[in-house]
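A short write-up of the structure that comes next.
Taken together, the values in this text are just the output of simple stated rules run on the coordinates, not laboratory data. If you're wondering where the values come from, they're calculated on a predicted model, not measured in any experiment. Ideal geometry is used to build each Cβ from the backbone, glycine not excepted, and the neighbour counts take in all protein chains shown.
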Amino acid sequence: MSTSTIDLRQPSTLRAAIISEWTKLRSVRSTMWSLVATSVFTIGLGTLFCWAFINRPHRDLADSFRFDPTSRSLRGVFLAQLAIGVLGVLVMSSEYTTGMIRTSLAAVPRRRVGLVAKTIVLGTASVVVSMISTFAAFFAGQAVLSSGGVNASITDPGVMRAVIGAGAYLTLIALFGLAIGTVVRRTPGAIAALFGIVLIFPLLAQALPDPWNVDVGKLLPFNAGQAMFSVRVDPDLLTPGQGLVVFLTWIAVAFILATGLLTKRDA
Amino acid sequence: MIELNGLSKRYGDTLAVDDLTFDVMPGCVTGFLGPNGAGKTTTMRIILGLDAPTKGTALVNGKPYGQIKFPLHEVGALLDAKALHGGRKAFDHLLCLAQSNNIGRARVATVLELVGLGDVANKRAGTFSLGMGQRLGIAAAMLGDPGILMFDEPVNGLDPEGIVWIRTLLRGLAAEGRTVFISSHLMTEMAMTADRLIVVGRGHLIADATVEEFTSRGEQWVRVRSPHQRELIAALQRAGGIVTSASIGDDSDVRGLKAGQIGDIALAAGIAIHGLTEHRASLEEVFFGLTDDSVEYHGSVNA
């Protein structure tokens with residue numbers, strides 16, 4: 001009989017749950033499509049934006065002076081976040097929408113363990129795909145820009161940090177989606193909530209009277225995240241480090257809410 | 001073993017489960033019977049820790065379900081054959097459940113064969129018929145070779161062959177000493193599968209008895225036919241029988257006398273008998289009698 005003392009020889013529920021969640025993630029087609037879309041949007045659009053800049057008919061020196069080649073090549077992230085955000089939402093909301101959650105919770109009744117396992121598996125898959133995509137987008141974009149002599153190097157100050165920041169932003173959007181999917185439980189509502197917060201809040205903040213429009217705006221996930229992957233310091237944005245901390249705070253709050261509701265609510 | 005103690009569950013104004021107390025013992029099939037809306041599914045959800053009870057406790061092998069580390073080894077449950085991601089292949093569906101409880105891949109293949117889904121292991125579960133879905137759910141329940149099996153309406157959607165299959169399976173599992181707890185709203189189905197019946201209506205316990213005890217509750221009578229019906233009736237009434245005319249033909253229904261006694265009385269009176277049959281109220285009728293007041297949704301013919 002098992003007792004209340006921890007038996008170290010017993011396999012851990014978290015380890016088993018992680019292996020299980022990995023099987024769940026890889027065995028539905030939406031995962032592959034979301035990750036492929038994330039990659040294609042990040043690399044393809046980033047390169048396209050760079051190509052468009054080079055081929056702009058009236059490019060003057062001032063343009064080039066203000067130009068941030070790194071963030072230009074990472075612009076695909078704005079579209080890619082939709083794909084990876086939806087994946088994050090689906091990891092939990094698809095369980096509720098399909099009814100799988102009842103089977104899942106009967107197999108892993110420790111609900112926090114299940115959520116942690118999902119977070120680890122989704123986070124790992126997302127960080128790998130996001131980082132590969134942002135680095136590929138950077139190098140492809142700079143290759144295009146080099147024909148105009150306006151390219152950046154990965155060794156330039158702040159560049160490496162910005163490329164990693166963009167990958168981190170995509171990963172965190174996926175995790176934000178997971179937390180919101182756990183709170184809202186239904187796919188359409190959760191997707192609406194995620195992109196409402198990420199994309200619509202900044203527009204609403206702009207309508208606030210000066211200086212709140214800037215002060216509040218820069219604390220929103222989108223702008224805080226954007227600060228993470230810009231090389232030039234924008235006075236309307238936080239510093240990259242602050243941006244990361246603010247975005248992580250949003251995600252932490254979402255996960256606290258998600259954990260509370262997940263453990264409290266009837267499935 | 002499953003133990004319910006004063007279990008109650010309230011959803012808003014509705015008391016879905018009302019102070020249920022009973023034990024489900026190993027080694028037999030226990031049928032959980034009641035009309036739709038009686039609280040059977042809610043009770044099973046609480047046992048599995050999916051819903052929290054408003055009051056009372058539900059223990060599985062002496063513990064709340066949520067405290068079991070790898071519960072599939074102790075309890076195999078099928079609440080809803082549709083509780084799966086339709087985009088996942090049958091094998092992967094079972095594999096992710098197995099892995100969450102440290103069960104190996106080989107066991108997944110074994111249970112798929114056991115339920116007859118070996119050939120469709122790589123088909124997406126969403127393409128399955130309701131019957132195949134039930135089989136997949138039963139396969140999932142069998143993954144951990146658990147001592148307790150709990151199925152909600154397991155024969156739903158199965159064809160006659162499938163119904164016989166699951167009945168045999170459940171009887172076999174109980175014979176191996178496992179606890180088998182199945183819900184149904186079909187009394188006759190339960191009578192063929194279960195050893196013991198727990199009847200609920202409107203969330204509360206109505207009866208908890210063996211199937212034999214149930215059948216013996218049914219009213220019994222004997223239907224007789226004779227070319228000298230009037231003389232026979234008179235003889236039977238003298239012997240203390242209560243005689244009513246049957247609903248069909250010239251037959252009479254006799255209560256208070258056994259078939260053998262009626263035959264003897266007729267013989268002694270020199271009256272020929274052309275028909276003599278024993279009748280007993282069906283389990284359905286016993287069930288309806290018990291639950292009549294507790295049916296939540298009555299059909300009405302003169303609405």
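Remarks
- Candidates B:V211, B:V222, B:V17, ranked by Gaussian network fluctuation over chain B, Cα under 10 Å, top entry: B:V222
- Label point distance in nm, A:R29-B:D13, each placed 7 Å from Cα along Cα→Cβ: 4.6
- Helix-only CD estimate at 222 nm, as mean residue ellipticity for chain B, using -39500 (n - 2.57) per DSSP H run (n ≥ 4): -10000 deg cm²/dmol
- Of the DSSP H helices in chain A, those whose Cα atoms cover at least 24 Å axially and whose Kyte score averages 1.6 or more: A:159-184
- Measuring between their Cα centroids, the range B:265-286 and the range B:10-82 lie 44 Å from each other.
- Using only alpha carbons, the range A:11-132 has a radius of gyration to Kirkwood radius ratio (Rg to Rh) of 1.18.
- Dipole moment magnitude, nearest 20 debye, the protein assembly as shown about Cα centre, only Lys, Arg, Asp, Glu C-beta charged: 1860
- Local electrostatic count at B:P26 - Lys and Arg +1, Asp and Glu -1, tallied over other residues with Cβ under 15 Å: -3
- Gaussian network model of chain B, Cα within-10 Å springs - most flexible of B:G162, B:G260, B:G172: B:G260
- Dipole magnitude of the range B:220-280 about its Cα centre (Cβ charges: Lys, Arg +1; Asp, Glu -1), debye to nearest 20: 120
- Options A:G88, A:F222, A:V144, ranked by Cα towards positive dipole end of chain A, top entry (Cβ charges): A:G88
- Just so you know, the averaged projected area of the alpha carbon convex hull for the protein assembly as shown sits at 38.0 nm².
- Loop exposure criterion: GluC sites (Glu not before Pro), DSSP state outside H, G, I, E and B, at most 13 other Cβ atoms within 10 Å. Applied to chain B, the longest stretch between such sites is B:1-175.
- Computed over neighbours whose Cβ is under 13 Å from that of B:R178, the net charge equals -3, Lys and Arg +1, Asp and Glu -1.
- When peptides A:153-166, A:93-106, A:209-222, A:31-44 are ranked by their average number of other Cβ atoms within 10 Å per residue, the highest-first order is A:93-106, A:31-44, A:153-166, A:209-222.
- Charge-dipole axis of the protein assembly as shown as Lys and Arg at +1 and Asp and Glu at -1 on Cβ define it, positive-most pick from A:A106, B:L7, A:L45: A:L45
- The convex hull defined by the C-alpha atoms of chain A has an orientation-averaged projected area of 17.3 nm².
- A:V214 versus A:M160: modelled label distance in nm, points set 7 Å from Cα along the beta carbon direction: 3.2
- Contact order normalised by residue count of the range B:2-209, Cα under 8 Å, 6+ apart, percent: 33
- Here the label points at B:N36 and A:Q242, each 7 Å from Cα along the C-beta direction, are separated by 6.1 nm in the simple model.
- Per residue of peptide A:104-115, the mean number of Cβ atoms on other chains within 10 Å of the residue Cβ is 6.
- Within a straight-line Cα-Cα reach of under 21 Å, B:K55 can be paired with the following lysines, leaving aside sequence neighbours fewer than 8 residues apart in one chain: A:K264, B:K9, B:K40, B:K63.
- When the helices of chain A are scored as -39500 (n - 2.57) per DSSP H run of n ≥ 4 and the total is divided over every residue, the value at 222 nm lands at -23000 deg cm²/dmol.
- Of all the options B:S183, B:S245, B:S282, the one that moves most in a Gaussian network model of chain B with Cα springs shorter than 10 angstrom is B:S245.
- Peptide A:17-23 shows a mean partner chain C-beta count of 5 within 10 Å per residue C-beta.
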